[in-house]
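Taking it in order: structure first as structure tokens, then the write-up.
Read-outs: derived from the displayed coordinates by stated rules, not from any lab. Values in this document were obtained by computation on a predicted structure and should not be read as measured data. Please note: Cβ atoms are built from the backbone with ideal geometry, for glycine as well, and neighbour counts cover all protein chains shown.
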Amino acid sequence: MHKDYPRRIVLLTGILVLAEFRLYPLSAAEEKTPRLRVSHAGHFLETASGDPFFYLADTAWELFHRLDKTETTLYLDTRARQGFNVIQAVALAEFDGITEPNAEGNLPLLENDPAKPNEQYFKHVDWVIEQAANRGMFVGVLPTWGDKVRKDWGVGPVIFNARNARVYGNFLGTRYRNNPNIIWILGGDRKATGQEDVWREMAAGLREGDGGSHLITYHPQGGLSSSRFWPDEPWLSFHMLQSGHGARDVPNYKMVAADYAHLPPKPVVDGEPRYEDHPVNWKPENGYFDDFDVRQAEYWAVFAGAAGTTYGCHDIWQFLSPRRKPVSSARTPWKTALNLPGANQMQHLRRLMLSRDYFSRVPDQNLLTTNEDGAGHLAATRGANYAFVYSPLGKPVTMQLGKTHGGEAHASWFDPRTGSTTRAETVPNSGTHTFTLPGSQGRGHDTVLVLDTK
């Protein structure tokens, strides 16, 4: 652990646990999942006691709808072991979410009316949220998929208007007011254009119900950010974008950088970058995104200033199994896909970002004297007495030194596949210097240059 890091972190069964001491008693859920808030400077998330919270989510859109309790336990146990601390799931799911019963045989609404939630269905949602809390995990709850507000594509039907959206939001906010491990995610893969009043009323209902005790964001469709629709909404706690699945090497760092620079400052997260095992541009003939594609998107986003990131697997979000028709050429049963390489590698990113002084970190491309667009784009970030540079293709990194305090710069290479670190060299912390990674270059050979200065 880096000696300058001001808070104590314990690594327990692969999960980073922020250790803290308090003078008043907490519930079991609050001990494992404390309340969250936006940091004072506006770019990060933190716990109520001021500890950094790095948002590392998995995408499990159909979790409440398609898995029974035994399957849910397997899923949550695996993701907790892999270091995820947020699970994104939808209450009114995309695929026949209001007309096909959940695994326990219950529909979410009576008469397809958002003002008439089915108690039996939401008891199962209660159970899933509590199980996540028991594992130290938050649930990013989408009250509904966007096709129930604005169809555009998908199953629908559209059932929301401004009036019942507020009633439904109030129901959810009231029900989960005392659950600390909730993050509300509106939107559900849709533009807000034309339905702004519906989403505003749903957010108002959530706030009425939970008293403002949970963070709220908005998940738009591909290529867009919440900042396009809600640049300064008081209820929006942090921005979320979707860089999507349309191509390899999509420069999501540009989207993150734009939101990071937006005023007033708010944290930003790429809520849906390219999914592992997803066909490129939805066409199997283009090949499938692999763990490199996932790492590239995640490191690009975080080093550009994101307060965390979201992993997704095409087979997991829909919980593909032999008894269901694959969506968009999914090909791997979900229980097998749980352990695809990218899923196991995300914990290394979270551990790296929490290993140094967290709140001093800023994106800084001016650390680099040369760069390029495309797959080999270098992404740089720095904080108090350290700097990180992500090299997607393992190419040399030429840096302008002296931007962090200290007379010497101690360089090492961090492997995003394994989390291992290899010491490189020590150089004067001034002038320019080129750091060269020994070994191969190209796709799959990405690495992070780590500089620590004294």
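Remarks
- Put a plus charge on the Cβ of each Lys and Arg, a minus charge on the Cβ of each Asp and Glu, and nothing anywhere else: the dipole of the chain about its Cα centre is then about 480 debye.
- Each stretch of four or more DSSP H residues adds -39500 (n - 2.57); spread over every residue of the chain, this sum gives -7500 deg cm²/dmol at 222 nm.
- Karplus-based coupling profile of the range 306-313, in residue order and whole Hz: 5, 7, x, 7, 10, 8, x, 10, with θ = phi - 60° in 6.51 cos²θ - 1.76 cosθ + 1.60 and x standing for Gly or Pro.
- Taking only the alpha carbons of the chain, we obtain Rg and Dmax values of 21.5, 70 Å in that order.
- Subset of Lys403/Lys454; Lys254/Lys403; Lys69/Lys123; Lys151/Lys335 violating a 19 Å alpha-carbon distance limit: Lys254/Lys403; Lys151/Lys335
- Phe289 sits among other residues whose Cβ lies under 10 Å from its own Cβ, and their net charge, with Lys and Arg +1 and Asp and Glu -1, is -3.
- Annotation: peptides 189-198, 271-280, ranked by per-residue average of other Cβ atoms within 10 Å with the highest first, follow the order 271-280, 189-198.
- Net charge contributed by nearby residues that have their C-beta within less than 12 Å of Pro273 (K/R +1, D/E -1): -3
- In Hz, Karplus ³J(HN,Hα) per residue of the range 251-266 (6.51, -1.76, 1.60; θ = phi - 60°; x = Gly, Pro): x, 5, 4, 5, 5, 5, 4, 5, 5, 4, 7, 5, 10, x, x, 9
- The aspartates and glutamates within cross-link reach of Lys395, meaning a Cα-to-Cα straight distance under 14 Å and a gap of 8 or more places when in the same chain, are Glu372, Asp373, Asp415, Asp446.
- Grouping the Cα pair distances of the range 323-428 into 10 Å bins from zero gives a pair-distance distribution of 12, 36, 29, 13, 8, 2, 0 percent in increasing distance order.
- Taking every alpha-carbon pair within the range 38-107, the share separated by more than 15 Å comes to 62 percent.
- Across the alpha-carbon set of the range 261-347, the Rg to Rh ratio works out to 1.04, Rh being the Kirkwood radius.
- Packing rank of 434-447, 235-248, 97-110, where each peptide gets the mean count of other beta carbons within 10 Å, highest leading: 235-248, 97-110, 434-447
- Lys/Arg +1, Asp/Glu -1 at C-beta; the range 9-353 dipole; positive extreme among Gln88, Asn112, Ala301: Ala301
- Shape of the range 91-216, Cα gyration tensor, a/c cut at 1.5: oblate
- Taking a Cβ cut-off of under 13 Å around Arg37, the surrounding Lys, Arg, Asp and Glu residues balance to a net charge of 0, with basic ones at +1 and acidic ones at -1.
- Global geometry of the range 153-250, whether rounded, prolate or oblate, following the gyration tensor of its Cα atoms and the 1.5 cut on a/c: prolate
- Close amide H partners of Thr398, meaning residues 5 or more places away or on another chain with modelled amide H under 5 Å apart, are Thr369, Thr370, Phe435.
- Amide H contacts of Phe53: Leu45, Glu46, Thr47, each under 5 Å away and 5 or more positions distant or on a separate chain (H built 1.01 Å from N in the peptide plane; Pro and chain starts excluded).
- A simple rule links phi to the HN-Hα coupling: the Karplus curve 6.51 cos²θ - 1.76 cosθ + 1.60 with θ = phi - 60°, which for the range 82-95 gives 8, x, 6, 10, 9, 10, 8, 9, 10, 5, 9, 6, 5, 8 Hz, with x for Gly and Pro.
- Within a straight-line Cα-Cα reach of under 15 Å, Lys266 can be paired with the following aspartates and glutamates, leaving aside sequence neighbours fewer than 8 residues apart in one chain: Glu46, Asp232, Glu233.
- Global form of the range 398-443, assessed from the alpha-carbon gyration tensor, a/c cut-off 1.5: prolate
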